[in-house]
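The next block holds one structure in the form of structure tokens; read it before the comments.
The values are calculated or read from the model by the stated rules, or taken from the named source; none is laboratory data. Being a predicted model, the structure only gives us computed values, none of them experimental. Glycine also receives a Cβ, built like all others from the backbone with ideal geometry; neighbour counts cover every protein chain displayed. Accessible surface is based on the protein model in full, side chains and every heavy atom, while ligands, DNA and RNA are left aside. Shrake-Rupley method; radii C 1.70, N 1.55, O 1.52, S 1.80 Å.
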Amino acid sequence: MLNIMMVTLKGIFRDRVFQGIMALAVLFLFIPSAASLSMRQVTELSVTLSLSLISFILLLLSVFLGGTSLWRDIERRYSYSVLSLPLRRSSYVLGRFLGLALFMLLTSTVLGLASCAAIAVSSTLYPAERPVVWGFLLLALVYATLKYVLLVAVALLLSTVSTSFFLPIFGTICTYLASGISQQVYEYVHSPAAAQAVSPMLKQAVTVAYYLIPNLAGFDLKLNAIYGVAPNPGGLALTAAYFLTYTAILLGASILVFNRREMK
Amino acid sequence: MYALEIRGLGKTFRGKKLRTVEALKGIDLCVEQGEVLGFLGPNGAGKSTTIKCLMGLIRPTVGSATILGRDIASAEARTSVGYLPENPAFYDYLSAEEYLLFVGRAFGMQGDLLSRRCEEVLKQLELWEPRRRLIRTYSKGMVQRVGLAQVLLHDPEVYILDEPMSGLDPIGRALVKEIVLDLKRRGKCVFFSTHITDDVEKVCDRVAVINHGELKVVDRVENILMRGTEGYAVSIAAADGSVEERVVAEAQLQGVISDAVAAGRSILKVEPRRKSMEAFFLDIVGH
Amino acid sequence: MSRHVATILLLAGLIGYGAVIVPFAGYMRAKPVEEKLGYVPSVKVLKSLSVDQKEVAGAALVFKVLMYYGTLMGDLPKGAIVNGPGDLPGMSRLLHAAVQLDPYNMDAYYFAQGILTWDAHQYQVANNLLDYGMKYRTWDWFLPFFAGFNSAYFLKDYKKAAHYYDLAGDLSGEPLYKSLASRYMQESGETDLAIAYLGGMVKTAKNEAVKKSYQLRLSAFQEVRRIEQARDRFRADKGSLPISVEQLVQSGYLKSVPVDPYGGSFYLGPDGKVATTSKFALGVTKK
């Protein structure tokens, strides 16, 4: 498993997709000057832009690397030479996942340092009324990483089912989009205002979807980091537990499906 | 204990529109330790399907198989096997050396042993110079050699090679044959599939012929060759220097030779005339 | 063949581009600014589309308004008359959308306070927005400070104003705001209140367009105060109100003719109140 993990990491670092996406990190250089456009919240804006850029890069990485990782092994027939080694399929899938997760962690560490530099520059140029709470920034980064690691697990599950890259990539993107609005739709459907307009069937379907689709909104601590608002510790613990259980389910299902998969 | 024991192995694929394809129809085959077995069959006969079942890449519909007594359903069965896939592809973002280290670790090799074995096989397969280059930059022949290197690396008891010579130039083929013969000398079991009869004739102890998912014949190579003897070509030189060539049946051979000797003519050569392995193979697969 | 096609396409494209780009860029530049504010989808759609990038989406909306406002202000040569308040409802809509995406975005409140009050005269809308912001930015004394000014100066709701100024004083720890409240809480102190407020805004403004607009307004109110002071001296001396601003100039109470930077001309109301034909707004003048 460790072996597969290291190979996964090496593979990503030598991958052109990764190199292309990481070119976006150059944008960190422009954050201080872009943030100075703000009228009253330069530091806040630099935090916003940094966290958003990290979020965006992690999203691209999780979708494209998570979605193509298994698919590429099968498509390029690496799977014959790898799965015939005395490895269990479960260690292969877990190794892949852990490799990707570790990679996400490394990326967000590096990008996090870059954003700290950008924010530090902004806040020295235009000192903020409310100083940046670095602890909250760290929390926001950690939870953003967890969010995209969970998305990697979604991509992995989809690619154990699919024979092409289409489902993993677009399925993951759709999951991501749906995860952002599921809370809103759920609340709307169950609001008294919607009581007449929504049929009971639809209401139930939405409820089922709400519990099925990963709820990623809870992982978003940007507001807390940007405006220095203390997050709710109980909520953080629940979110972390949610991450663990949901990821465990996704990985379990992935292994189950991949065990049955035939390398024709 | 057999090196390979296949009992009633069958595989049915689900095709499109609910049609099923019976790729393997109950294969029974045992291979002894120290034996080289050629698995001969035309394209699409079920050679690769059999091998993929053995390697756990696909699961058999019926039947069972063991490698050195270990059931193929478990990953442990593969610990004592070196497997070369057909037209192999390896993580091309690694170098040959990195890939071998990866494979070695998967087989539980570590430290000095692993680095020593890596060096040995890389040198044996003439990959020592380009070992640090990414596999991405290798030629097809080099990739095949990486495949052989990863097969030999952990010095297993059983070798399962799927079309090891396909797509190789004559030098590459010679190299593969040499390796197989060397393994045979060292008492290893080699099970390799091919559709080229010549390969079988030169290196195998036994041959198994498969067609349409069924085993047709399993026999020793010399038995097959012997069975196919049709007579002898005899060249006899007359006193005036003219050479006469005759084909004689086995029963008459003795008489022809003694007659010629009695007549004072010299016998230049006697060659057995037999059906080749190829003719034998074509007979079986019904062409 | 295909090389010819490529060459022809490339050449034709380049020539065409050269011919089109200048008029096209000219057209884009000449497009009325109102159009450039563009269409923004409803907040619900925006909220869904921006997934976890709501803060950036909010900031982007504010910048859209700011850029638009910047072009509006930047187009004037120095000292010229501004000829139109711009698309006020459009700007207000975007700013409201921005704070729904990110209820903490201070830029949005700050900017909305500027345009909703002086330009759009939507005092209650402005205060509702500020109330909304106070629920989130619980530490920020700027919001109650703005709301207090709006209540006192525009809405003449002194009770409410006192409440807001109290809040601003508590949050900032500056007793100044509380005294400010009591000092100006009457009709006669109105101009001084506005000048104090505007002076503070000019000092803290970072954005050039915003600073310019506050400066413009500050200079208008400084002129008003000059007239008021002259008027009061006139009344103290003569025991009656002057009839007109011209009378004040002619009788030497005003050293120079007051200039309304908004392009209007000052006059005295029947109760002696100083007013201007521009109503301190852009583009209302030139009757």
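Rounded to the nearest percent, how much of the accessible area of chain A (1.4 Å probe, protein heavy atoms only) is carbon and sulfur?
Working: 8330 of 11380 Å².
The computed percentage sits at 73.
A:HIS190 versus A:GLU129, label points 7 Å from Cα toward the beta carbon: distance in nm?
Calculated label separation equals 3.7 nm.
Two decimals is fine: what's Rg over Rh for the stretch A:138-264, C-alpha atoms, Kirkwood radius as Rh? Don't skip to the end; give the middle numbers.
Values: Rg = 17.0 Å, Rh = 16.4 Å.
For the stretch A:138-264, the value is 1.04.
So what is the diffusion coefficient of the stretch A:160-217 in µm² per second by Stokes-Einstein at 37 °C and 0.692 mPa s, using a Kirkwood Rh over Cα pairs? Intermediate results must be reported in sequence, preceding the final value.
Details: Rh = 12.6 Å.
In µm²/s, the coefficient rounds to 260.
Could you give the nm distance between label points at B:LYS177 and C:ALA6, where each point is 7 Å from its Cα heading toward the beta carbon?
About 4.6 nm separates the two model spin labels.
Among A:LEU113, C:LEU49, A:ALA128, whose Cα lies farthest out toward the positive end of the dipole of the protein assembly as shown, if unit charges sit on the beta carbon of Lys, Arg (+1) and Asp, Glu (-1)?
Farthest along the dipole direction, towards plus: A:ALA128.
Any chance you could list the semi-axes, whole Å, largest first, of the equivalent ellipsoid that the Cα gyration tensor gives for the protein assembly as shown, using √(5λ)?
Numbers: eigenvalues 1564, 159, 100 Å².
For the protein assembly as shown, the ellipsoid semi-axes come out as 88, 28, 22 Å.
If each residue of separation counts as 0.36 nm, what is the full-extension length gain between B:VAL62 and B:GLU119 once their alpha-carbon separation is subtracted?
Length difference between fully extended and current span is 16.3 nm.
Say R0 is 30 Å: what FRET efficiency, to the nearest 0.05, do C:ASP192 and C:VAL40 get from their beta-carbon distance?
Details: r = 39 Å, r/R0 = 1.32.
That gives a FRET efficiency of 0.15.
At a 1.4 Å probe radius, carbon and sulfur cover how many percent of the accessible area of the stretch B:229-275?
Working: 1470 of 3180 Å².
The value for the stretch B:229-275 is 46 percent carbon and sulfur by accessible area.
What does the accessible area of A:LEU156 come to, in Å² to the nearest 10, when a probe of 1.4 Å is used?
Rounded to the nearest 10, that gives 0 Å².
Once phi is turned into ³J(HN,Hα) by the Karplus curve 6.51 cos²θ - 1.76 cosθ + 1.60 with θ = phi - 60°, what whole-Hz value does each residue of the stretch B:235-249 show in order, with x for glycine and proline?
10, 10, 9, 7, 5, 7, x, 6, 10, 10, 10, 9, 10, 10, 6
Tell me, what is the per residue accessible area of the stretch B:163-261 in Å², probe radius 1.4 Å? Spell out each step's value before the answer.
Values: 4900 Å² over 99 residues.
Accessible surface, normalised per residue, equals 49 Å².
Report, in debye and to the nearest 20, how large the dipole of the stretch B:175-252 comes out about its Cα centre when Lys and Arg carry +1 and Asp and Glu carry -1 on their Cβ. Could you put the intermediate results ahead of the total?
Numbers: 11 positive and 14 negative charges, 122 e Å.
Roughly 580 debye, rounded to the nearest 20.
For B:ILE210, what residues show an amide H to amide H distance below 5 Å, using hydrogens built from the backbone and excluding near sequence neighbours?
Under 5 Å from the amide H of B:ILE210: B:LEU40, B:GLY41, B:LYS216.
Going down the list A:LYS264/B:LYS11; A:LYS264/B:LYS47; C:LYS238/C:LYS279, which pairs span over 19 Å between their C-alpha atoms?
Values: A:LYS264/B:LYS11 12 Å; A:LYS264/B:LYS47 12 Å; C:LYS238/C:LYS279 29 Å.
Check vs 19 Å cut-off fails for C:LYS238/C:LYS279.
When the accessible area of each residue in the stretch A:84-107 is compared between its chain alone and the complete protein assembly (1.4 Å probe; ligands, DNA and RNA ignored), which residues differ by at least 50 Å², being lower in the assembly?
Residues shielded by partner chains are A:SER84, A:LEU85, A:PRO86.
Just the C-alpha atoms of the stretch B:25-177: what Rg/Rh do they give, with Rh taken as the Kirkwood radius? Display every interim value, and only then the final one.
Numbers: Rg = 15.9 Å, Rh = 16.5 Å.
For the stretch B:25-177, the value is 0.97.
In peptide C:43-50, what is the residue-averaged number of other protein chain Cβ atoms found within 10 Å of each Cβ? Show your work: numbers first, answer last.
Numbers: counts 0, 3, 0, 0, 3, 6, 3, 2.
Average neighbour count from other chains, rounded to a whole number: 2.
Could I get the Rg over Rh figure for the stretch C:39-138? Both from C-alpha atoms, Rh via Kirkwood, rounded to two places.
Values: Rg = 14.1 Å, Rh = 14.1 Å.
Ratio of gyration radius to Kirkwood radius: 1.00.
Check B:LEU4: other-chain or 5+ apart residues with amide H under 5 Å from its amide H, H built from backbone geometry?
B:VAL31, B:LEU68
In the full protein assembly as shown, how much of B:GLU271 is accessible to a 1.4 Å probe, in Å² to the nearest 10?
90
Sort C:266-274, B:204-212, A:171-179 by packing, meaning the average of other beta carbons within 10 Å per residue, with the highest value first.
On the way: C:266-274: 14.1, B:204-212: 21.3, A:171-179: 19.0.
The densest-packed peptide leads the list: B:204-212, A:171-179, C:266-274.
If you take the accessible area of A alone plus C alone and subtract the pair, what total do you get in square angstrom, rounded to 100, with a 1.4 Å probe? Each step should come with its number before you reach the end.
On the way: alone 14050 and 15810 Å², together 27360 Å².
In total, this chain pair buries about 2500 Å².
Using a Förster distance of 30 Å, how high is the FRET efficiency between C:TYR132 and A:VAL161, based on the Cβ-Cβ distance and rounded to 0.05? Write down the numbers at each step before the final one.
On the way: r = 46 Å, r/R0 = 1.52.
It comes to 0.05.
Quick one: Cα centre-to-centre distance for the stretch C:201-242 and the stretch C:148-164, in angstrom?
20
Computed over the Cα atoms, what is the radius of gyration of chain B divided by 2.2 N^0.38 Å, N being its residue count?
Cα-based Rg divided by the globular estimate yields 1.23.
Given a cut-off of 33 Å, what percent of all Cα-Cα pairs of chain A lie beyond it? Each step should come with its number before you reach the end.
Details: 10104 of 34716 pairs.
When every Cα pair of chain A is considered, 29 percent fall beyond 33 Å.
For B:ARG273, what residues show an amide H to amide H distance below 5 Å, using hydrogens built from the backbone and excluding near sequence neighbours?
Here B:GLU230, B:GLY231, B:TYR232, B:ALA233 satisfy the definition.
May I ask for the angle, rounded to the nearest 10°, between helix A:166-189 and the longest principal axis of chain A, with both axes built from Cα atoms and the value confined to 0 to 90°?
Around 50 degrees separate the two axes.
How many angstrom separate the Cα center of the stretch A:172-205 from the Cα center of the stretch A:77-125?
Going from one Cα centre to the other spans 33 Å.
Using +1 on the beta carbon of Lys and Arg, -1 on that of Asp and Glu, and nothing else charged, what's the dipole of the stretch A:73-156 about the Cα centre, debye to 20? Intermediate results must be reported in sequence, preceding the final value.
Values: 7 positive and 3 negative charges, 72 e Å.
Dipole magnitude for the stretch A:73-156 comes out near 340 debye.
Grab the beta carbon distance between C:ASP232 and C:ALA25, set R0 = 56 Å, and tell me the FRET efficiency rounded to 0.05. Write down the numbers at each step before the final one.
On the way: r = 56 Å, r/R0 = 1.00.
For R0 = 56 Å, the calculated efficiency reads 0.50.
Which Cα, out of B:LEU122, B:LEU94, B:ILE67, lies furthest along the positive dipole direction of the stretch B:21-129 (beta carbon charges, K/R +1, D/E -1)?
Of the options given, the answer is B:ILE67.
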